[in-house]
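I have placed the structure first, in the form of structure tokens, so that the comments after it can refer back to it.
Bear in mind that the values in this text are calculations on the coordinates, not laboratory data. Quick caveat: nothing in here was measured; it's all calculated off a predicted structure. Neighbour counts run over all protein chains shown; Cβ positions are idealised from the backbone, glycine included.
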Amino acid sequence: MSNNNNNNNGNNNSKMSYEEAGRKGGEQTAKNHDKEFYQEIGEKGGETTSENHDKKFYQEIGAKGGSQSSNSSNSSNSSNSSNSSRSNNSNSKN
């Protein structure tokens with residue numbers, strides 16, 4: 001991965017990779033916006049997802065998330081809290 005970036009940086013004739021462009025764009029967005037911005041766009045995304053999907057969708061992704069964390073021998077508290085916050089969001093939407 002880093003070899004690709006180094007090659008692009010060293011060769012002025014080649015185009016920037018999508019990966020590098022995305023990274024640079026993300027870094028610039030992070031510099032220009034605060035935590036509130038990310039909270040607002042996350043909320044909008046959640047609302048849009050809720051409008052476009054039904055209860056069954058949330059049950060299916062919840063089951064996938066649950067099966068991944070239970071298969072992992074290194075289940076951390078952060079993944080468990082992430083799953084519970086998804087459950088709370090899906091219950092309040094439907």
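Below is a table of values for the structure above.
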quantity: Tensor-based shape of the range 15-63 (alpha-carbon gyration tensor, a/c under 1.5 rounded, otherwise prolate or oblate); calculated: oblate
quantity: Additional length obtainable on full extension of the chain from Ala21 to Gln68, 0.36 nm per residue less Cα span; calculated: 13.8 nm
quantity: Reachable lysines, given that their alpha-carbon falls under 18 Å from the alpha-carbon of Lys64 and they are not under 8 places away in the same chain; calculated: Lys55, Lys56
quantity: Net charge over other residues, Cβ less than 13 angstrom from the Cβ of Ile41 (K, R count +1; D, E count -1); calculated: -3
quantity: Nearby aspartates and glutamates by direct alpha-carbon distance to Lys31 (threshold 19 angstrom, same-chain neighbours under 8 apart not counted); calculated: Glu19, Glu20, Glu40
